[in-house]
């Protein structure tokens, strides 16, 4: 059996004095696409941030990584407005020890050819979102944790992103994501539903 890319055991999450998850278990193997579902406020974003090591809301439980640190993309664009798309991705590559030579190709893949050197503050919300998503083309494999990745992108962008998710899992990586949209993918999808918010 493959080594899990991530394994959460007995995870308990609390936010604002309210218990979100109690004794939550999750194991993700290479080649899996996992959709985290649940009502607003049920803890989807908090869970992803905890799995990424970005939240201190875990009261109890363990999170074990089997394939290095995951790549986390939040539901906000997560870019520096006074930098260009190329500069944002260069910063990302340097901070993650990645090769910068694929930046222009990544921007081309997300439909930002010709926008590489404009300040991100001049781009539309959808274009800024695409700068964030271009990071997926720079770090393949391993585990991706994606919070609402289809937000603020057009139909063409949705189809392209779905294809990228398929390439990731078919190449031996894994994806855990949240989404309010149906996923247009032709690969098995495992659904994990969180409890309804109180």
*In the Gaussian network model of the chain, springs joining C-alpha atoms below 10 Å, which of 104, 23, 182 carries the largest mean-square fluctuation?*
182
*Would you please give the FRET efficiency between residue 100 and residue 151, computed as 1/(1 + (r/R0)^6) with r the Cβ-Cβ distance and R0 = 25 Å, to the nearest 0.05?*
0.40
*Quick one: grab the alpha carbon gyration tensor of segment 146-198, order the square roots of its eigenvalues as a ≥ b ≥ c, and give me rounded if a/c is under 1.5, else prolate or oblate depending on whether a/b is larger than b/c.*
oblate
_Can you give me the angle between helix 155-170 and the longest principal axis of the chain, using Cα atoms only, in degrees from 0 to 90, rounded to the nearest 10?_
60 degrees
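In the chain, what percentage of the DSSP-assigned beta bridges are antiparallel, given to the nearest 5? Please list the in-between numbers first.
Details: 13 of 29 bridges.
For the chain, the DSSP antiparallel bridge percentage is about 45.
Send over the Kirkwood Rh of segment 79-141, from the inverse of the averaged 1/r over different Cα pairs, rounded to one decimal Å.
Numbers: mean 1/r = 0.0889 Å⁻¹.
Averaging 1/r across every pair of different Cα atoms and inverting gives 11.2 Å.
Just want the ordering: 153, 103, from fewest to most Cβ atoms lying within 10 Å of their own Cβ. It would help to have the intermediate numbers written out before the result.
Numbers: 153 20, 103 23.
Going from sparsest to densest Cβ surroundings: 153, 103.
Per residue of the chain, what 222 nm ellipticity follows from adding -39500 (n - 2.57) for every DSSP H run with n ≥ 4, rounded to the nearest 500?
On the way: 5 runs with 52 residues, N = 198.
That comes out to -8000 deg cm²/dmol.
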*asked:* Using the Cα atoms of the chain, I'd like the radius of gyration and the largest Cα-Cα distance, Dmax, both in angstrom.
replied: 16.8, 48
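Could you work out the relative contact order of the chain? I mean the mean sequence separation of Cα pairs under 8 Å and 6+ apart, divided by the number of residues, in percent. Write down the numbers at each step before the final one.
Values: 382 pairs, mean separation 60.4, N = 198.
Relative CO of the chain lands at 31 percent.
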*segment 37-110: radius of gyration over Cα atoms, expressed as a fraction of 2.2 N^0.38 Å*: 1.38
*Give me D for segment 1-80 in µm² s⁻¹, whole number, from Stokes-Einstein with Rh from the Kirkwood sum over alpha-carbon pairs, 37 °C and 0.692 mPa s.*
243 µm²/s
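Within 10 Å, count the other beta carbons around each residue, average over each peptide in 116-128, 40-52, 158-170, and list them highest first.
Going by the mean number of other Cβ atoms within 10 Å, highest first, we get 40-52, 158-170, 116-128.
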*asked:* Once each part is reduced to its C-alpha centroid, what is the distance from segment 93-139 to segment 156-178 in angstrom?
replied: 17 Å
*Cα atoms only, segment 95-198: Rg and Dmax in Å?*
14.7, 48
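Each value in this text was obtained by applying a stated rule to the coordinates, not by laboratory testing. Values in this document were obtained by computation on a predicted structure and should not be read as measured data. Please note: Cβ atoms are built from the backbone with ideal geometry, for glycine as well, and neighbour counts cover all protein chains shown.
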